[in-house]
Each structure stands twice: as structure tokens, then as C-alpha cells.
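Notes for the one structure printed next.
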Amino acid sequence: DVASPLGGRAPVDPLSLGEPWLTAHGSRFLADAEALAKVERSLATAEVDPRSYAAVYLVGGVATAWDFPVDPGIRALVESLHAAGRP
């Protein structure tokens, strides 16, 4: 699943879609219609039920520095998983 602070179309830094940042794995992701659909219709972080997940993987360049620290949905999700001993 893909989640973002506001839900809906997850923001993507357009500069990350080119050289030197786009790797073979990124190119494969961009060619995957199912994966892209999840980015277009991301869940809002506040709506994610932590009981449904074994782990969370936070990705993002600038987002990890600016959006994630102030998003209450991400905070609640990470704190809940941590308290349950899940990464």
C-alpha cells in the first residue's frame, strides 16, 4: 500500500524521475501500472490502521525532512507499530 499525509495523488519530486536519481528499480516501478495507481490514489496517513501492517517503510527525499515530522498520521502509525515491536 502507499500512503501520504493528505491521501490522493502522492507528491513526487519531478527531479527524482531522471538521472542520476532514477535507478533501474525506480524505472521498473514507473513501468508498473498497479504500483502507479497506488501512488495516484494513496491512503491518507491518518486513515491507515496500524493493526493491518507488520511494518512501515518511509520513503521520500525532501518529504522525510519537511512533511513527515509534522504529520500526525505518520506519528501515530510509527508510534503504534513501535509500541507493538514492529518496524
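The values are calculated or read from the model by the stated rules, or taken from the named source; none is laboratory data. A quick note: this is a predicted structure, and the numbers were derived from the prediction, not measured. All Cβ positions, glycine included, derive from the backbone under ideal geometry; neighbour counts span all protein chains shown. Ligands, DNA and RNA are stripped out before the accessible areas are found, and what is left, the full protein with its side chains, is counted by its heavy atoms. Shrake-Rupley method; radii C 1.70, N 1.55, O 1.52, S 1.80 Å.
The heavy atoms of Ser16 present about 40 square angstrom of accessible area, all protein chains included, probe 1.4 Å.
May I ask you to derive the FRET efficiency for Arg51 and Val2 from their Cβ-Cβ distance with R0 = 25 Å, giving the value to the nearest 0.05?
Details: r = 18 Å, r/R0 = 0.73.
After rounding to 0.05, the efficiency reads 0.85.
Each 5 Å bin from zero holds the following percent of Cα-Cα pairs in the chain: 3, 14, 21, 25, 19, 13, 6, 1.
Note on the chain: dipole from Cβ charges, positive end direction compared against Ala3, Leu36, Leu81; the farthest Cα belongs to Leu81.
Divide the volume of the convex hull of the Cα atoms of segment 1-45 by its number of residues and quote the answer in cubic angstrom per residue. Please report the intermediate quantities before stating the final value.
Details: hull volume 3.1 nm³, N = 45.
About 68 Å³ per residue, rounded to a whole number.
Remark: the Arg86-Val70 segment gains 3.6 nm on full extension, using 0.36 nm per residue and subtracting the alpha carbon distance.
Ranked from largest to smallest solvent-accessible area, with a 1.4 Å probe on the protein heavy atoms, Arg51, Arg28 come out as Arg51, Arg28.
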